[in-house]
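Novice: Before I ask anything, here is the structure I am working with.
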2 protein chains.
Amino acid sequence: MSNTPPSSPGEFELIRNYFCHGFPHSADTLLAIGDDASVVQPPAASQLVQSIDTQVADVHFPASAPAALIAQRALRCAVSDLAAMGATPQGFHLALTLPDSDSAWLTGFSSGLKKAAHELNIALIGGDTTRGKQRVISVAVQGWIKHDNTPLTRAAAEDGDGIYLSGPVGAAALALPQVLNNPADYSGLAQQYYFPAVHLSLGQALLGRASACIDVSDGLLQDAGHIARSSALQLHIDTQRVSVADDQQRALCLTGGDDYQLLLCGPATLLQPLTAVFPQLHHIGECRRGEPGVVLSATDALLQQLSEQSGFNHF
Amino acid sequence: MSNTPPSSPGEFELIRNYFCHGFPHSADTLLAIGDDASVVQPPAASQLVQSIDTQVADVHFPASAPAALIAQRALRCAVSDLAAMGATPQGFHLALTLPDSDSAWLTGFSSGLKKAAHELNIALIGGDTTRGKQRVISVAVQGWIKHDNTPLTRAAAEDGDGIYLSGPVGAAALALPQVLNNPADYSGLAQQYYFPAVHLSLGQALLGRASACIDVSDGLLQDAGHIARSSALQLHIDTQRVSVADDQQRALCLTGGDDYQLLLCGPATLLQPLTAVFPQLHHIGECRRGEPGVVLSATDALLQQLSEQSGFNHF
């Protein structure tokens, strides 16, 4: 909108300085950053799995949080969607809107992004940087699933399937007061908020075993509702079986988001053996025919607390 | 950052109302909007070509411009990167940050996006909608190029190649005062700003013929500089041959961005025949060995004007 070109020399320099070196490589990538587009060679007999995830300053993270934490959390949250499908990460495109080109912030952001990219083994293959009033981070991630496997969707749970959860929920929600109060402190519960586990190995192990899967970003009960409606089933959850970060705040743990545990359905005969390999994986209920929704076996007191939580619409 | 889940029921409704119907289908898409990720089946022997492009309100477009115009322009600008590589569009993911859920704006945005998606034959296969202070539109587009073709990069121009341009430049830059003054008026020059041509057919026809290609988004001379540096060559451009929107404002036309013409290099024996099919395609210069940069055959007066334009760094 100005007469200066939208891609100023400053943008090229910024990309060269912060986003061109130190990221993992992908053997599938023929052309990465630096041209009009990237070029990727899909491996034979593979399906391409993709998700885009946006995080906005002061909406999804405190604007004053350390840039390295923000960057790595943004990438983790996006890659979690690949884990929930059973995919193996390949690469990502980054769209970064910034109010300024603060080099300390960019140095932190770049270093956090690289660290997470190495941990998750995902290459940065393209991007766009723009000016805007507040920081907006969009991460478009992708990965592969071999042809002979069916991606783990929300829609294929079946009557009689067991319901499992990859680990305890609630820590990220419990951490929110600390995160808001002191964004630079990533100790204790805030660790769960800033470094959510990305269950890539579990997701891949679920291929051919689970019928449905979702990552719990909106809260366990709400995300269970997504599977219930997509699969046209009732998800009966025994709330006492759900592993939570704090038993005294069970309702908040069941409805709080941002933990990125995997919630999955499938035959117990296929899923139960996985608990030997993934010890936090635990059985929390069953899928049954009926009006689609989530049915809880819970005490009156818990139900009362739950009805006061905004994250849960029963049915 | 609030205790309400980031993906509120409002977000699901918004996606269902505005982004789930009326878009073109892609036979390659196995799973589109509505799960943790989309799933695409790459066609046999194809390379995946991808680009992400962000447009921010009052930075890349007037915030008060009609939403339908903004949407279709954002998609055109993004798909232009696929054209510049020679790719055939397949699908896109949309990350949309909005200050509110103004239904009139969203209805316009959705209808403009659908119209452009149909014209460009590209499917909407996923996305994310978030809240933020200003509207930010990120479009991640992708398409295919068959294995036996080499994507058109910036780096493979050769000594002796001719330089060609797909059509006149400058209209979008000349339109800026009108666009800023009256964003709803898309007549005359503003037509070029809001509806930049996307040269998909030309891009595809260039495969096997052109050595290098770029879409002119930053201004002809600056983008010529990208090819020059990437290919380590001098691009000698005869400015009198360049077709411009207004001969009286030649310097502005040569440096103004946003036209999305294709600038390409290659053997004249292969490219000249294409001018019969693409009549606006015209020859503007030659690639030569030498210190990488753009060399102009221009009058002193034009050079003086150019040196005053911000878009051009000679060498």
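The values are calculated or read from the model by the stated rules, or taken from the named source; none is laboratory data. All of these numbers come straight from a predicted model, not from anything done at the bench. Using ideal geometry, Cβ is built from the backbone for each residue, glycine included, and neighbour counts are taken over all protein chains shown. Heavy atoms of the whole protein, side chains included, go into the accessibility calculation; ligands, DNA and RNA do not. Shrake-Rupley method; radii C 1.70, N 1.55, O 1.52, S 1.80 Å.
Novice: Would you mind working out the accessible area per residue for segment B:85-237, using a 1.4 Å probe, and quoting it in Å²?
Specialist: 32 Å²
Novice: In the P(r) worked out for the protein assembly as shown, what percent of Cα pairs fall beyond 47 Å?
Specialist: Distances greater than 47 Å cover 17 percent of the Cα pairs.
Novice: Okay, moving on. Whole percent per 10 Å bin, from 0 to the bin with the longest distance: what is P(r) over all C-alpha pairs of segment B:92-178?
Specialist: Final binned percentages: 12, 26, 33, 21, 7, 1.
Novice: Considering only DSSP states other than H, G, I, E and B, which trypsin sites (Lys or Arg not before Pro) in segment B:244-295 qualify as loop sites with at most 12 other Cβ atoms within 10 Å?
Specialist: Sites meeting the loop and neighbour criteria: B:R289.
Novice: Below 24 Å, Cα to Cα, which lysines can B:K133 reach? Residues fewer than 8 away in the same chain don't count.
Specialist: Output for B:K133: A:K133.
Novice: In segment B:1-138, carbon and sulfur make up what percent of the accessible area (probe 1.4 Å)?
Specialist: Here carbon and sulfur together make up 52 percent of the probe-accessible area.
Novice: Please report the antiparallel percentage of the DSSP beta bridges confined to chain B, to the nearest 5.
Specialist: DSSP beta bridges in chain B are roughly 70 percent antiparallel.
Novice: Something else now. Interface size between chain B and chain A, please: total buried accessible area, 1.4 Å probe, rounded to the nearest 100 Å².
Specialist: In total, chains B and A hide about 5600 Å² from solvent.
Novice: Using alpha carbons only, how many angstrom separate the centre of segment A:84-152 from the centre of segment B:91-134?
Specialist: So the two Cα centres are separated by 21 Å.
Novice: Can I ask one more? Give me the distance between the Cα centres of segment A:243-274 and segment A:165-200, rounded to whole Å.
Specialist: What the calculation gives is 15 Å, centre to centre.
Novice: Quick one: accessible surface of B:K115, probe radius 1.4 Å, all protein chains present, in square angstrom to the nearest 10.
Specialist: Answer for B:K115: close to 130 Å² accessible.
Novice: Relative to the Cα centre, what is the charge dipole magnitude of segment A:162-307, using +1 at the beta carbon of each Lys and Arg, -1 at the beta carbon of each Asp and Glu, and rounding to the nearest 20 debye?
Specialist: 420 debye
Novice: If the cut-off is 16 Å between C-alpha atoms, which aspartates and glutamates fall inside it for B:K146, apart from same-chain ones fewer than 8 positions away?
Specialist: Cα-Cα hits under 16 Å: A:D28, B:D28.
Novice: Take chain B, connect every pair of alpha-carbon atoms lying under 10 Å apart with a spring to form a Gaussian network, then pick out the residue of B:S217, B:S64, B:S231 with the largest mean-square fluctuation.
Specialist: It is B:S64.
Novice: Would you please calculate the Kirkwood hydrodynamic radius of segment B:216-290 over all C-alpha pairs and express it in Å, rounded to one decimal?
Specialist: The answer is 13.1 Å.
Novice: Oh, and also: Go through A:I52, A:P62, A:I15 and say which Cα lies farthest out towards the positive end of the charge dipole of chain A; charges sit on Cβ, +1 for Lys and Arg, -1 for Asp and Glu.
Specialist: Value computed over the given set: A:I15.
Novice: What angle do you read, to the nearest 10 degrees and between 0 and 90, between the alpha-carbon axis of helix A:103-120 and the longest principal axis of chain A?
Specialist: 50 degrees
Novice: Now a separate question. Quick one: with all protein chains in place, what share of the accessible area of segment A:162-307 is carbon or sulfur, to the nearest percent (1.4 Å probe)?
Specialist: Carbon plus sulfur share of accessible area: 49 percent.
Novice: Ignoring everything except DSSP H segments at least 4 long, calculate the 222 nm mean residue ellipticity for chain A; use -39,500 (n - 2.57) per segment, divide by total residues, nearest 500.
Specialist: Only helices count here, giving -9500 deg cm²/dmol.
Novice: Pick from B:L264, B:L274, B:L221: which is most flexible by mean-square fluctuation in a GNM of chain B where alpha carbon atoms under 10 Å apart are linked?
Specialist: B:L274
Novice: Restricting the calculation to Cα positions, tell me the Rg (one decimal) and the Dmax (whole number) of chain B in Å.
Specialist: 20.5, 65
Novice: Compute the acute angle (0 to 90°) between the alpha-carbon long axis of helix B:9-19 and the principal axis of greatest extent of the alpha-carbon atoms of chain B; round to the nearest 10°.
Specialist: The answer is roughly 50 degrees.
Novice: Among DSSP beta bridges lying fully in segment A:162-307, give the percent that are antiparallel, nearest 5.
Specialist: 75 percent
Novice: How many times 2.2 N^0.38 Å is the alpha carbon radius of gyration of segment B:162-307?
Specialist: Rg over 2.2 N^0.38 Å, computed on Cα atoms: 1.03.
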